[in-house]
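Notes to accompany the following structure.
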């Protein structure tokens, strides 16, 4: 009887191995994982050298791991289990009932160094300078975090940052605007950035500080172009229990159109761009729909006939904010210092712009190397 059971067990195990091998050999292979926002390992080529140095077995192991049957479902299940076992924290992401929050903290010292670089930049540029620091969703919704998570008040950090900036820089408060609207859909549930509506709410104040009347909300037609967006906090945590996000395009039907939108890389190559690149909705990170993949410089020319020019120095928070500005300026230059290795002046002449708007998320302010490129 025991021998018979052993034979049955052996047959079942062989059958499992055969079926598993069939899936591995003949199953559909993906080139990238959308949930993890990365390329998957390719089947390695065998050679004598790769066998001798062990690289073949290592790469083969990575290939088997990446293409394991039902892998994405298993990683999502693993994230749920980890969230339960680690008090709702997965890879530095707090897993809430309806939102993922990045609970990393900012260091004041780094922000002070960044502020010094911005002060130098403002003193060197001829145009009037304005500064907006955008809080994280964890900063706005920090009071929803449980007591066991250390909370660093972003409102105090931003106030300290603003006090360090020079008096010639006009500081614009985004924190309190967003805090008052925290019952609205102003931040994505699965990404650290604000939604287009969150950006619009801050735009209304910013544009008045810049000397214009904001375009009324009812002037826009809003297209819901994506209802299955999973952002960077989802990619980090792999937690799928939070509802997917909606991505919007705001169009001002009676407003000024865009004449041209071009991007430039550090090598001087120029690319045709658009405010909204719908092809990115099929990519691994759909947020790149806003202005396309990040480039050091994007120039936008509009049909606004006022010869007003604005320089925007920003990070990815600016991507969905920029379209609202196109109703007020004939030319907008968007500079992302995080995407360049040299100085901003190698890409553009700032003195040609009468106003400069610095708009950064608070997390960017902790990396002073970004702001060293401004000078």
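The values are calculated or read from the model by the stated rules, or taken from the named source; none is laboratory data. The structure presented is a predicted model; accordingly, all values stated were derived computationally and were not measured. We place every Cβ from the backbone using ideal geometry, glycine too, and count neighbours over all the protein chains shown.
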Residue count, the range 134-162 (criterion: assigned to a loop (DSSP other than H, G, I, E, B), closer than 22 Å to residue 317 by Cα and touching a helix residue (DSSP H, G or I) at 6+ places or on another chain (Cβ under 8 Å)): 3
Taking the range 208-262 and keeping residues under 19 Å from residue 91 (Cα atoms) and either modelled with pLDDT under 90 or not assigned by TED's automatic domain parsing to the domain that holds residue 321 (or both) leaves 235, 236, 237, 238, 239, 240, 241
Yes or no: residue 182 in contact with a helix residue (DSSP H, G or I) (Cβ under 7 Å, 6 or more places away or on another chain) and over 20 Å from residue 110 (Cβ atoms)? yes
Conditions: (1) touching a residue at least 60 places away in the same chain (Cβ under 8 Å); (2) in contact with a helix residue (DSSP H, G or I) (Cβ under 9 Å, 6 or more places away or on another chain); (3) within 20 Å of residue 124 (Cβ to Cβ). Residue 341 meets all but one. Number of the miss? (2)
Considering only the range 188-268, give the strands (runs of 3 or more DSSP E) lying wholly within it that have at least 3 residues that are in contact with a helix residue (DSSP H, G or I) (Cβ under 9 Å, 6 or more places away or on another chain). 220-229, 245-252
Going through the range 163-185 one residue at a time, which ones are part of a loop (DSSP other than H, G, I, E, B) and surrounded by fewer than 22 Cβ atoms within 10 Å (Cβ to Cβ)? 165, 166, 167, 168, 181, 182, 183, 184, 185
Taking the range 319-353 on its own, how many of its residues are over 22 Å from the mean Cα position of the chain (by Cα) and over 24 Å from residue 200 (Cβ atoms)? 10
Go through (1) crowded, with 17+ Cβ neighbours inside 10 Å; (2) at pLDDT 95 or above; (3) farther than 19 Å from residue 370 by Cα and name the single condition residue 102 misses. (2)
Selection from the range 215-243 of residues surrounded by fewer than 18 Cβ atoms within 10 Å (Cβ to Cβ) and more than 12 Å from residue 286 (Cα to Cα) yields 216, 217, 218, 219, 221, 222, 223, 224, 241, 243
